[in-house]
Each structure stands twice: as structure tokens, then as C-alpha cells.
Amino acid sequence: MSEKTAPPILVVDDNVDNANIIRDYLESRGYAVTVAYNGDEAMAAFERTRPALVLLDVMMPGRDGWEVCRDMRRHPAIGHSVRIIMVTALHDWVNKRQAIQTGADDFVEKPFDLAQLAATVERNLALVKSAS
């Protein structure tokens, strides 16, 4: 995938190592990736980059992933078109249901396999392309 055709992706995780691993892996696959390390940075980057897809950590200090997801969904220009994938260590069905109810389109459980993460990203980006 060339950078000219690669839709922008926003990775949000307060764990710098996790965020950088995801960024490096996706960039090696040709994606244009922006990283934010907290909810406030995420919303600023979301407004600036207008991503097609967001990989959003749930458990962050301050503005958590649930709140950030709701705020992204309320965005007047891209809130309904962006794909939001919650990345979470919360494995029970209650949290998965909450992710969907909050506005997430999909979720990936930590710890995750990078190839599985890439497959989830590709599946969701295909849905973005088919909707446009």
C-alpha cells in the first residue's frame, strides 16, 4: 500500500511501548500512522488528521477510551464514517458490549498478535472503502 493511498490511522495508547510497536508495525505495512498517548492528545490528533480508522486503548488515565470514543462519534464531519477499534485488556462480554454501545466498531484483546491486529485493521479499512 503506498502512502498516497494509505488511509490515515490514529493509534491511541498511554503505554508508549505498545503505541510505538503498533505504529512501527503498521507503518512497515505501508499505513500512515499518527500516535497519541492520552485522550486529550487523541482528540487533537483526530481533529488534525481526520483518520479513517482509530485504534483506541480503553484504560487510560484522565479521559479514558470510552469517553474518547463517544467524543469521536460526536464529531460533526467524520464521527459517523471513522472506524473505531477498541484495544483492551478487558476480556469479558460486558466490556465488549460496552465498546459497541459506546460507538466502537470492533475490538482487539490485549495481548494481541500483530498479524491478527493487521487483519482487523485491513478488515475495517475495507469497510471504510466500501462505504465511500
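Quick notes on this structure:
- Residue-level check: of (1) more than 14 Å from the chain's Cα centre (by Cα); (2) more than 19 Å from Tyr31 (Cα to Cα), Ser130 misses just (2).
- Scanning the range 59-92 for residues that are hydrophobic (A, V, I, L, M, F, W, C), more than 10 Å from the chain's Cα centre (by Cα) and closer than 12 Å to Lys110 by Cβ turns up Met59, Ala89, Leu90.
- Those helices (runs of 4 or more DSSP H) lying entirely in the range 38-132 with at least 3 residues touching a residue at least 12 places away in the same chain (Cβ under 8 Å) and open to solvent by less than 20 Å² (accessible area, probe 1.4 Å): 39-49, 65-73, 114-131
- The residues of the range 1-37 that are free of Cβ contacts under 8 Å to residues at least 40 places away in the same chain, aliphatic (A, V, I, L, M), crowded, with 17+ Cβ neighbours inside 10 Å and in a helix (DSSP H, G or I) amount to a single one, Ala19.
The values are calculated or read from the model by the stated rules, or taken from the named source; none is laboratory data. Bear in mind the structure is a predicted one, so any value in this text is a computation, not a measurement. In this analysis, Cβ positions are derived from the backbone assuming ideal geometry, glycine residues included, and neighbour counts consider all displayed protein chains. Note: accessible area is taken over every heavy atom of the protein model, side chains too, but ligands, DNA and RNA are not part of it. Shrake-Rupley method; radii C 1.70, N 1.55, O 1.52, S 1.80 Å.
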